Every structure is written in structure tokens, then in C-alpha cells.
1. Across the stretch 242-293, what is the total count of residues that are within 16 Å of ligand 2 (Cβ to nearest atom) and not aliphatic (A, V, I, L, M)?
2. With respect to V59, is the statement that it is within 30 Å of L151 (Cα to Cα) and either hydrophobic (A, V, I, L, M, F, W, C) or out of contact with any His (no Cβ under 7 Å at 6 or more places or on another chain) (or both) true?
3. Which of the following residues is free of Cβ contacts under 8 Å to residues at least 40 places away in the same chain, buried (at least 17 other Cβ atoms within 10 Å of the Cβ) and closer than 15 Å to W76 by Cβ: N230, N249?
4. For L296, indicate whether it is away from ligand 2 (no atom under 12 Å from the Cβ) and surrounded by 18 or more Cβ atoms within 10 Å (Cβ to Cβ).
5. Any residue in the stretch 105-112 that is of a type in the set (A, V, I, L, M), more than 15 Å from ligand 1 (Cβ to nearest atom) and in a helix (DSSP H, G or I)?
6. Go through R90, R77 for me and flag whichever is basic (K, R) and modelled with pLDDT under 95.
7. Evaluate the stretch 226-242: report whether one residue or more is touching a strand residue (DSSP E or B) at 6+ places or on another chain (Cβ under 8 Å), closer than 30 Å to I111 by Cβ and assigned to a helix (DSSP H, G or I).
8. Within the stretch 266-276, does at least one residue satisfy the condition of being more than 30 Å from R77 (Cβ to Cβ), surrounded by 24 or more Cβ atoms within 10 Å (Cβ to Cβ) and in contact with a strand residue (DSSP E or B) (Cβ under 6 Å, 6 or more places away or on another chain)?
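The values are calculated or read from the model by the stated rules, or taken from the named source; none is laboratory data. What you see is a predicted model; the values in this text were computed from it and never measured. Methodologically, a virtual Cβ is constructed for each residue, glycine included, from the backbone with ideal geometry; neighbour enumeration extends over all protein chains shown.
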Amino acid sequence: MLVVMRHDATPEEIQGVVDTMEEMGYEARPMPGKQRTAIGLVGNDGKVNADRLESLSGVMEVIHVSQPYKQVSREWREEPTVITLDNGTRIGGSEVVVMAGPCAVESEAQIMDVARRLAAAGATILRAGAFKPRTSPYAFQGLGEPGLRLLARAREETGMAIVTEAVDPESLDLVAEHADIIQIGARNMQNFSLLRRAGRSGKPILLKRGMAATVKDLLMSAEYILAEGNGQVILCERGVKGFDTHTRNLLDLTAIPVVKSLSHLPIIADPSHGTGLRAKVIPMARAAVAAGADGLMIEVHPDPERAMSDGAQSLFPDQFDTLMDQIGTIAQAIGRELAEPVAAAR
Ligand code: PEP
Ligand code: MN
């Protein structure tokens, strides 16, 4: 439920609504807007006495949020959520943001080499896993904490922000210490204790769609994070399981406009995991930007043939340069622009 205040409501009237909600046993979330303040009521699963709130001084109307994902919905918040990182990158505004890097941090030479090239090409966020959720327990699981420290070094040198995955609640705090954005992977999209923990981390969260999850499932998982008080969530379409073996997954581009209509949260696309094939990444990246994605996540490796994971879908750095040129043109055609490169790379 959302209580919308009149545009001339006083701070005392707003506080009166907050106090009443709390007295009724709920939590109040005031949201100042451009025109007027709205106050979200959370913690209600049943019937709320709307009449009591409606009759308070300064109240314009009470809106019942019909969707089960409440704080995530457009009904709750009409303006898009824009997330600003320490390096100035803004996600969810008019700019298209590119996060790029190898699947995993493998060594200092590998991550520094690729980070420099990506920053020079205009990527503003470096991606790479230090903790890797692998299908096989015998496959490379990531460098762990030393990997996080290498990412921090790459940030220091290039100015790029860091997005990296937390695979369990135990390691999330460690990841939060080093990352600008904490990634929750597809396999963990419905790991509710991890989502709750992410909601309390105070960091922006990149939430990837599970490989068998509906858009509604994705939004409900995001709601777990917002319910803990963290509104900085970026959604990511990374492909769902299909029946055709020509690609690794089926990149659901329709999810982009669907999410945009249902939610105020930014959504990006990951055509690397979405297709699993290097040759398909650039065409689908172009299509995702054209479809309205707020950004892209692209796997790039300095030597994909020797990559310890996901080499077949990793672009060569030269291909990444081409991709950046092309999506810049597409962004412009739909009234957007690529995010400004980070200062060190300009
Ligand atoms: C990744 O980003 O490297 C990754 C493991 O992605 P996903 O969770 O989408 O499979
Ligand atoms: Mn990967």
C-alpha cells in the first residue's frame, strides 16, 4: 500500500502518516518525489485499515499495490531508479553502461591486461568472478580473496568500478568489502538467505535471472533485497533454458521491455551467457541495446582459447572495440548515449 501526500503536505503531516503506520504495526518508507511525497507501507500481507490512513491530514490518496512484488513495481515508484557508483557511472538513466571482463580472475597479468584494454575502449565497470559457481565440483572455482584483491588493484589503476559474484552468505561480506556491485548469479537467484544478506549489504546488487525463472520470479527475488531496505538493484537478463542446442541459452530480449513496464529498476543484458558463443555475442548485444537495455555485461578475455572458464563465449579485446563502436551508434539512434569513459581512460 502506498499513501500519496498532497503536493503541499507539511513535514508534520508526513510524519503523522509515518507515526500512524508504525502504530498500526507496519513499517513506513517515505519516498520524496519531484511533485509529492509518497509513503510506502510494508509488512502487510493481509487487510490494512486504509480508511484510517485516508482520513489523515495532508493525504491525497491511498493506492493498493496490486502486484505481489510491491517495492519493485512501477505502481510503488514511477520514476526509474538510477544507481550512481563511486566512479560516477550511472545505471538506469539515459546512459547505456557496459560491464566487461573475463568470466574469472585468473592471474594478475590476465586481469590487469584486459582491464586496461577495456577501460581504453570505454567500459566503466570491470566484471570478473573471484568466487565461481561451477557446474562441476572439479572445475576451477575461482581465486577467492586474492582474486578480490586483484580486482581492487585493477580498479585503482583504471578507475573502473568492480562487479563480482558472491556465491554464498558466508562470503558475501568479504565480496562487499571489495566490490562496487555484488553479483548474485543465475544459480542463486532464489537463494533467499543470500538475497536477504545482499539486502543488508549496503551495496548495489546485480541480480541475474535464473535459467528457469519467469520474469515474475525475478521480480519477486528482487523484492527480497528491497524488503531489507536496499533499493539499489540492477536486474540482468542472461538467457533461460531453451530446447534448441544451437545456443547455450535462449536470451529473452522481450524481458527487457516487459521489466521496464512492470518495474522501476534498471535492467541490463548478458549476451555472453545468453548465447554461449563468441560469434553470437555482438549481434545480441546490439539487439539488447536496441530493445532498451540500460547496459550490457560482456565477457572479454585477453586470450580466450586459454581461459579457465567460458572461453568459447569470451570476446577478443579487438572484437570488444568493434562492439563499443556499434552500440554507441545504436544508443544514439534511440536517444541514449554510452556512459562516459572513466577519467583515467579519457
Ligand atoms: C557469470 O557471470 O560468470 C556467471 C556465472 O553468470 P550466470 O550466473 O548468469 O550463469
Ligand atoms: Mn562466465
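1. At the first step, the residues of the stretch 242-293 found to be within 16 Å of ligand 2 (Cβ to nearest atom) are 247-249, 251, 268-278, 280-281, 284-285.
From the residues that got through so far, the ones that are not aliphatic (A, V, I, L, M) too are 247-249, 270-276, 278, 280.
Total satisfying the criteria: 12.
2. Values: within 30 Å of L151 (Cα to Cα): no; either hydrophobic (A, V, I, L, M, F, W, C) or out of contact with any His (no Cβ under 7 Å at 6 or more places or on another chain) (or both): yes.
No; evaluated as a whole, the condition is false for this residue.
3. Numbers: N249 fails: closer than 15 Å to W76 by Cβ.
None of the others qualify; the one that does is N230.
4. Details: away from ligand 2 (no atom under 12 Å from the Cβ): yes; surrounded by 18 or more Cβ atoms within 10 Å (Cβ to Cβ): yes.
Yes, satisfied.
5. In the first step, residues of the stretch 105-112 are kept if they are of a type in the set (A, V, I, L, M); the result is 105, 109, 111-112.
Subset that is more than 15 Å from ligand 1 (Cβ to nearest atom): 109, 112.
If we keep only those that are in a helix (DSSP H, G or I) too, we end up with 109, 112.
Yes: one or more hits.
6. Values: R90 fails: modelled with pLDDT under 95.
Result: R77 is the single residue among R90, R77 that is basic (K, R) and modelled with pLDDT under 95.
7. Within the stretch 226-242, none of the residues are touching a strand residue (DSSP E or B) at 6+ places or on another chain (Cβ under 8 Å), closer than 30 Å to I111 by Cβ and assigned to a helix (DSSP H, G or I).
8. Yes, there is a match, as at least one residue in the stretch 266-276 is more than 30 Å from R77 (Cβ to Cβ), surrounded by 24 or more Cβ atoms within 10 Å (Cβ to Cβ) and in contact with a strand residue (DSSP E or B) (Cβ under 6 Å, 6 or more places away or on another chain).
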